[in-house]
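The values are calculated or read from the model by the stated rules, or taken from the named source; none is laboratory data. Predicted model, so just to flag it, every value in this text is computed and none were measured. Cβ: placed from backbone, ideal geometry, glycine included. Neighbour counts: every protein chain shown. Heavy atoms of the whole protein, side chains included, go into the accessibility calculation; ligands, DNA and RNA do not. Shrake-Rupley method; radii C 1.70, N 1.55, O 1.52, S 1.80 Å.
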Amino acid sequence: ETGKWLRDFSGHKSYVWNVAFSPDGQKVLSVSYDKTMRLWDADTGEELRAFQGHKDLVLSAAFTSDGQRLLSGSEDKTMRLWDVATGQTIREFDERHTKAVTSVALSADGRFAVSGSQDNTVRLWNVESGTQVRQFQGSDARQLESHTNEVWSVALASDGRRALSGSSDKTVRVWDVDTGAELAKFTRHTDIVWSVAISP
């Protein structure tokens with residue numbers, strides 16, 4: 001309402017790369033170069049718990065819609081599903097990107113996830129099994145191509161049918177989640193696209 005600073009969240013030992021509110025707005029999650037994620041009380045700034053297990057920088061995380069689980073992506077090339085109440089890893093995804101996982105997004109029902117990586121790929125995952133469903137690909141027939149450089153951000157439409165990605169190749173791309181095909185490419189940026197979002 002006022003735009004004034006309210007409080008600090010202090011405890012990370014290195015850069016904070018990303019933050020997210022829990023679905024109920026009562027908690028704040030931060031991910032850091034110190035290889036941890038930390039959960040904070042949004043009103044008091046008190047640290048509620050730390051999530052430890054990644055072997056390198058944590059770059060992205062997303063809550064399930066019920067706020068009970070978290071999905072994270074890391075420089076260690078892995079994705080992990082976490083129990084928010086205990087801070088414990090539920091599973092590490094079986095297959096891996098070949099470079100850092102820079103961004104993750106969850107479907108509204110929490111069944112599927114999309115990831116972006118410095119290996120230039122965007123991938124779809126089954127959250128419950130931790131297995132890859134497909135890698136999103138360009139279309140030769142429509143003269144569309146996959147990203148040609150690092151992918152830094154991904155987002156999922158609320159209906160779960162389209163995904164969006166932004167990349168160091170200066171493009172934003174729209175993907176069909178059901179088929180993995182590229183639907184469109186936006187090319188007007190002149191430098192890295194660090195973040196993307198889809199309206200409700």
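Within the range 11-140, what whole-number % of the accessible surface is contributed by carbon and sulfur, with the 1.4 Å probe and all protein chains included in the calculation? All intermediate terms of the calculation are to be shown ahead of the outcome.
Working: 2450 of 5770 Å².
The C+S portion of the solvent-accessible surface of the range 11-140 is 42 percent.
Annotation: per residue accessible area for the range 1-93 equals 55 Å², rounded to a whole number [probe 1.4 Å, protein chains only].
Could you list the chymotrypsin sites (Phe, Trp or Tyr not before Pro) in the range 1-69 that lie in coil according to DSSP, counting only those with at most 11 other Cβ atoms within 10 Å of their Cβ?
On the way: sites: W5, F9, Y15, W17, F21, Y33, W40, F51, F63; in loops: W5, F9, Y15, Y33.
Counting only loop positions with at most 11 other Cβ atoms within 10 Å, the chymotrypsin sites (Phe, Trp or Tyr not before Pro) in the range 1-69 are W5, Y15.
Across the range 154-171, rounded Karplus estimates of 3J(HN,Hα) from the backbone phi angles (6.51 cos²θ - 1.76 cosθ + 1.60, θ = phi - 60°) give 9, 8, 10, 5, 4, 7, x, 9, 10, 10, 10, 9, x, 9, 5, 7, 6, 10 Hz, Gly and Pro being marked x. Close amide-amide hydrogen proximity is noted between M37 and F51, each under 5 Å apart and 5 or more residues distant or on a separate chain (H modeled in the peptide plane; Pro and chain starts excluded). The slack between A50 and A85, meaning 0.36 nm per residue of separation minus the straight C-alpha distance, is 11.5 nm. Counting only residues at least eight positions apart within a chain, or on another chain, the lysines with an alpha carbon under 25 Å from that of K55 are K13, K27, K35, K77, K99.
The string of couplings for the range 68-79 from the Karplus curve (6.51, -1.76, 1.60, θ = phi - 60°) is 8, 9, 10, 10, 10, x, 9, 4, 6, 6, 10, 10 Hz, one whole number per residue in order, with x for Gly and Pro. Neighbours of S10 by Cβ distance under 14 Å: Lys/Arg scored +1, Asp/Glu scored -1, total -2. Scoring 26-32, 42-48 by mean Cβ neighbours within 10 Å over their residues and listing the highest first yields 26-32, 42-48.
Loop-resident trypsin sites (Lys or Arg not before Pro) (DSSP state other than H, G, I, E or B) in the range 62-162 with no more than 15 further Cβ atoms inside 10 Å of their Cβ: R96, K99, R111, R142, R161.
Between the amide H of K27 and those of S22, A42, distances stay under 5 Å, these residues lying 5 or more places away or on another chain, with hydrogens modeled in the peptide plane.
Of interest is the spacing of the C-alpha centroids, which for the range 9-81 and the range 141-200 amounts to 24 Å.
Taking Cα centre as origin and charging only the Cβ of basic (Lys, Arg, +1) and acidic (Asp, Glu, -1) residues, the dipole magnitude of the chain rounds to 240 debye.
Can you compute the FRET efficiency between R111 and D41 using 1/(1 + (r/R0)^6), with r the Cβ-Cβ distance and R0 = 30 Å? Round to the nearest 0.05. For R0 = 30 Å, the calculated efficiency reads 0.55. Computed over the Cα atoms of the range 11-162, the ratio of the radius of gyration to the Kirkwood radius (Rg/Rh) comes to 0.98.
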